[in-house]
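Peer 1: Attaching a single structure in structure tokens format; questions to follow.
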Amino acid sequence: MSNDYLDLRVGEFLEQLSADEGAPGGGSAAALTVAFSARLVAMVARCSGESWGDASGIAAQAFVIAERAGALVQSDATAWEEALTALRHAEASTADDERKDFQLEQKLERAAAAPLEIAELGADAAALASLTAERGAGEYRADAAAAAALAAGGARAAAHLVLVNLGVRADDPRLARALASDQVAHDIATRLLESGR
């Protein structure tokens, strides 16, 4: 079996997602959702090329988001597994070791970076979906709104992981960035869905 989740068939990935192991988990699912969103934006833009001069540029930007989000499907799972292992070792250890504490903190920092980036990519994908809904071919605008909804879902899930699962302090600037990304994506998706596009 592949070590890269993106090399799996969808059914195989879903089986691993529902297995009784720690990863892949919510972060990987959020990253894949954002990748789906960005690919959907790219499709709408490419199908709108005849009537929209900037369509190819928007499609290219969406592909970049999709590729980065796709890479985070695996890297989020890896970082979270490493952090979870370190947390379990720290809980089992009775020794007060500053070096181990520092290593645990470093692993938690890496684990926090992935969902933060997923949330930001979700906001970026939602912004492109909004532009595509406004300027793309009319028959594909509902797909652009669906892409925004997917992006918002991925951003919200990732922001939640930054907030809850990774133990980030309330005054941590990463949390503010994640929550801002969530809000941007949510606002865009709400506007597009309520407008009937």
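Peer 1: So if each residue of separation counts as 0.36 nm, and I subtract the Cα-Cα distance between Asp4 and Glu67, what length gain in nm does that give?
Peer 2: Length difference between fully extended and current span is 21.3 nm.
Peer 1: I would also like to ask the following. Counting alpha carbon pairs within less than 8 Å and at least 6 residues apart, what relative contact order, in whole percent, applies to region 19-194?
Peer 2: Value for region 19-194: 30 percent.
Peer 1: GluC sites (Glu not before Pro), restricted to region 34-129: which are DSSP loop and have at most 11 other Cβ atoms within 10 Å?
Peer 2: Glu50
Peer 1: Counting other C-beta atoms within 10 Å, and keeping those with at most 10, which DSSP coil trypsin sites (Lys or Arg not before Pro) do you find in region 1-92?
Peer 2: Arg9
Peer 1: Based on DSSP H runs of at least 4 residues, each adding -39500 (n - 2.57), what is the mean residue ellipticity at 222 nm of the chain after dividing by all its residues, to the nearest 500 deg cm²/dmol?
Peer 2: -26500 deg cm²/dmol
Peer 1: Would you mind calculating the gained length between Ala90 and Arg169 on full extension (0.36 nm times residue separation, minus the Cα-Cα distance), in nm to one decimal?
Peer 2: 26.5 nm is the gain from fully extending Ala90 to Arg169.
Peer 1: Oh, and also: Angle between the Cα long axis of helix 98-135 and the longest principal axis of the chain, 0 to 90 degrees, nearest 10?
Peer 2: Computed tilt is about 10 degrees.
Peer 1: In the Gaussian network model of the chain, springs joining C-alpha atoms below 10 Å, which of Ala19, Ala114, Ala35 carries the largest mean-square fluctuation?
Peer 2: Most flexible of the set in this elastic network: Ala19.
Peer 1: Right, here's the next one. In the calculated pair distance distribution of region 11-87, what percentage of Cα-Cα distances lie above 14 Å?
Peer 2: Tail fraction, whole percent: 65.
Peer 1: So how far, in whole Å, is the C-alpha centre of region 5-23 from the one of region 123-197?
Peer 2: When both Cα centres are located, 24 Å separates them.
Peer 1: Also: For the chain, what does the alpha-carbon gyration tensor say about shape, rounded, prolate or oblate, given a ≥ b ≥ c as the root eigenvalues, a/c under 1.5 as rounded, and a/b over b/c as prolate?
Peer 2: It comes out prolate by the Cα gyration axes.
Peer 1: Which of these, Ala180, Ala42, Ala66, has the largest mean-square fluctuation under a Gaussian network model of the chain (Cα springs below 10 Å)?
Peer 2: Ala180
Peer 1: Right, another one. Place a point 7 Å from Cα of Thr78 in the direction of its Cβ. Which residues in region 24-66 have their backbone N less than 17 Å from it?
Peer 2: Inside the label zone: 24-25, 27-29, 31-32.
Values in this text are rule-based calculations from the coordinates and carry no lab data. This structure is a prediction, so every number in the text was calculated from the model and none was measured. Reconstructed Cβ throughout: ideal geometry from the backbone, glycine too, with neighbour counts over all protein chains shown.
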